[in-house]
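For reference, the structure discussed in these notes is given below.
Every read-out reported here was derived from the displayed coordinates using simple, explicitly stated rules and does not represent laboratory data. Owing to the predicted nature of the structure, the values given are computational and were not obtained by experimental measurement. Ideal geometry is used to build each Cβ from the backbone, glycine not excepted, and the neighbour counts take in all protein chains shown.
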Amino acid sequence: MEETIITSNCEEHTYELGVETANRLSPGDTVALFGDLGAGKTEFIKGVCHGLGIEDLVSSPTFTIVNQYGTDDDSRPTVYHIDLYRIESERELDEIGFDEIISDASAIKLIEWSEHCQDRLPAEYLKVRLTQLEEENSRQIEIVRTGARPVANTLS
Ligand SMILES: Nc1ncnc2c1ncn2[C@@H]1O[C@H](COP(=O)(O)OP(=O)(O)OP(=O)(O)O)[C@@H](O)[C@H]1O
Ligand SMILES: [Mg+2]
C-alpha cells in the first residue's frame, strides 16, 4: 500500500494535485475523499475533473447529491461527483442508487464525505484525506490506493 503525503499551501496547489491524480485514474475507478467542511475536497475534485477533460464548472453538488459529467469525446469516461454530506443512513444511499453508481465499471466516481459510505466503498479505491493544518491556507493531503492494484507514485 503506497502512500503520498503532501502539504498544500494554497487552493491552486490542491487543484493541481487533483489534475495530477486524474492521470492515475482509469475507467471504473473510485476516489473517496475524506475531510472536514472547507478542507478542499471540491477544490481537489475540480482539478481531477479538469484533468479528465471536463469543462463544466464543478461546484459542490450540495442539493443534488449526485452530479454526472461527460465530455464531447466519447472515449473519455463519464464522471460521477457525489457529495454525501447530507446522507445520514443506508436507506438514503439506496435512494440515490449508490451501489449502482459505484459498480459502473466504465465511469469514474468522485465522492465527497466518504465518511458517510465507509461500509459500501468498493474493495479497491483511491483514498484522499484532506486535513486543515494550523496555518489558514495549509492542508495535509494524503493519497493512498487501497486494495490490490499497485499505485504509480509519481506525485511531486
Ligand atoms: N491549500 C488549500 N487547499 C484547498 N482549499 C484551500 C486551501 N487554502 C485555502 N483554501 C480554501 O478552502 C476552501 C475549500 O473549499 P472546498 O469547497 O474545496 O472544501 P470542501 O472540503 O469541498 O468543503 P465541503 O465539505 O463544504 O464540501 C476554499 O474556500 C479555498 O479557497
Ligand atoms: Mg465540497
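Residues of region 74-89 being within 22 Å of GLY35 (Cα to Cα), away from ligand 1 (no atom under 13 Å from the Cβ) and touching a residue at least 24 places away in the same chain (Cβ under 8 Å), which ones?
VAL79, TYR80, GLU88
Any idea how many residues of region 20-57 are within 14 Å of ligand 2 (Cβ to nearest atom) and acidic (Asp, Glu)?
Residues flagged as within 14 Å of ligand 2 (Cβ to nearest atom) and acidic (Asp, Glu) within region 20-57 amount to 2.
Among the residues of region 109-131, which ones are among the hydrophobic types (A, V, I, L, M, F, W, C) and not in a strand (DSSP E or B)?
Residues satisfying the conditions are TRP113, CYS117, LEU121, ALA123.
Is it the case that THR14 is among the polar types (S, T, N, Q), more than 16 Å from ligand 2 (Cβ to nearest atom) and crowded, with 16+ Cβ neighbours inside 10 Å?
So THR14 fails the test.
List, please: which pairs have Cβ atoms under 7 Å, are six or more places apart or on different chains, and start with a residue in region 1-12 that is closer than 15 Å to GLN132 by Cα and end with one that is of a type in the set (D, E, K, R)?
Short answer, once both residue conditions are applied: ILE5/GLU142; SER8/ARG139; GLU11/GLU43.
Identify all residues within region 99-127 that are surrounded by 18 or more Cβ atoms within 10 Å (Cβ to Cβ), away from ligand 1 (no atom under 16 Å from the Cβ) and among the small types (Gly, Ala, Ser); write none if there are none.
Answer for region 99-127, where residues must be surrounded by 18 or more Cβ atoms within 10 Å (Cβ to Cβ), away from ligand 1 (no atom under 16 Å from the Cβ) and among the small types (Gly, Ala, Ser): just ALA107.
Taking interchain pairs and intrachain pairs at least six residues apart, which have beta carbon atoms under 6 angstrom, with the first residue in region 115-129 and hydrophobic (A, V, I, L, M, F, W, C) and the second assigned to a loop (DSSP other than H, G, I, E, B)?
So the pair list comes out as CYS117/LEU84; ALA123/GLY147.
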